[in-house]
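J.: Here it is: the structure, laid out below.
Readers should treat all values here as calculations from the given coordinates under stated rules, not as data from a laboratory. Everything numeric here is computed off the predicted structure, so don't read it as measured data. In this analysis, Cβ positions are derived from the backbone assuming ideal geometry, glycine residues included, and neighbour counts consider all displayed protein chains.
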Amino acid sequence: MMAEFERPSPTIEDYLGVIYTLERDGERVIAARLVESLDVSAPTVNATLKRMQRDGWIMLNENKEIHLTQAGCIMAMSVIRRHMLTEWMLSRVLKLPLSELHREAHQIEHTLSPDVEERLLSEMQDPKFCPHGNPLPGFENETLKWLPLSMIKPGEKVQLQRIHENLESDYESLSFLEEKGLVRGCTLILKEVLNFNETMKVEVGGKEVVLGVRFAEKLFVSR
Ligand SMILES: [Zn+2]
Ligand SMILES: [Zn+2]
């Protein structure tokens, strides 16, 4: 019984979540990638990875690629689900702005008991996505029908569905998107793409907004 409540430390949970998300996106997961994503030093990452390997959360292959074990995968899914449900709670109950949800949820997610997680899941009506449009574990396929905004042709009218996890912790980007009305569900029209400048101009709510093409790769839309 107690075993179900035994969780790794918040640090390990964070690593598990990041590894799961990188694997989901088909990226090669190596220590250097985690140094970048978690913004910690290489020696710290290596020491943590050793502990995670010892405790059976991850495996390292001969190319030093990191993979989650079954236990690691289950725990990663749990922490991501707790994170996303907390984002919904902060959004719906406390009405926090989109730009603050991720950071605040990040502090709370590790402390939710399985009972509260269950309760939140039903209170929030079994969401498939977080408030930013990222999939809860198990609903990844639901996002495959969406395209990066960078792949849309000028003149097309689309709906914003998802702001990728990579942008969630970037307060500046999210407040910019929020201020311009570029939130989940908004309709936008692609006006022009300036390839030489790597920018694109979109119209949202009757106003024009200029976005970098690289930035637009992290916004997903439906036609
Ligand atoms: Zn988040
Ligand atoms: Zn989110």
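J.: Jot down the per residue volume, in cubic angstrom and as a whole number, of the convex hull over the alpha-carbon atoms of segment 147-222.
T.: So the per-residue hull volume is 76 Å³.
J.: For a quick size check, give me the Cα extents of segment 1-132 along its three principal axes, largest first, whole Å.
T.: 46, 37, 24
J.: Determine, for each peptide in 69-77, 179-187, the mean count of other beta carbons within 10 angstrom over its residues, then list the peptides with the highest first.
T.: Descending packing order for the listed peptides: 69-77, 179-187.
J.: So, one more: In nm, to one decimal, how far is the I108 label point from the Y171 one, both placed 7 Å along Cα→Cβ?
T.: 1.8
J.: On to the next question. For the cross-link pairs K95/K128; K128/K191; K95/K153; K64/K153; K145/K207; K145/K201, which exceed 29 Å when the distance is taken from alpha carbon to alpha carbon?
T.: Over 29 Å Cα-Cα: K128/K191; K95/K153; K64/K153.
J.: So which GluC sites (Glu not before Pro) in segment 11-41 are both in a DSSP loop and have at most 16 other Cβ atoms within 10 Å of their Cβ?
T.: Answer by residue number: E27.
J.: Shifting gears a bit: Hey, what angle do you get for helix 98-108 against the long axis of the chain, alpha-carbon based, 0 to 90 degrees rounded to 10?
T.: Rounded to the nearest ten degrees, it is 0.
J.: Let me ask something additional. Determine the relative contact order of the chain: mean sequence separation of Cα pairs under 8 Å and six or more apart, normalised by residue count, in whole percent.
T.: Reported as a whole number, the value is 15 percent.
J.: Which percent of the Cα-Cα distances in the chain go past 29 Å?
T.: Pairs farther apart than 29 Å: 32 percent.
J.: At a 10 Å Cβ-Cβ cut-off, how would you order W88, W146, W57, fewest neighbours first?
T.: Sorted ascending by nearby Cβ count, the order is W146, W88, W57.
J.: Order by neighbour count: Y20, Y15, fewest other Cβ atoms within 10 Å first, most last.
T.: Y20, Y15
J.: Over segment 147-222, what is the relative contact order in percent, taking alpha-carbon pairs closer than 8 angstrom and at least six residues apart?
T.: 44
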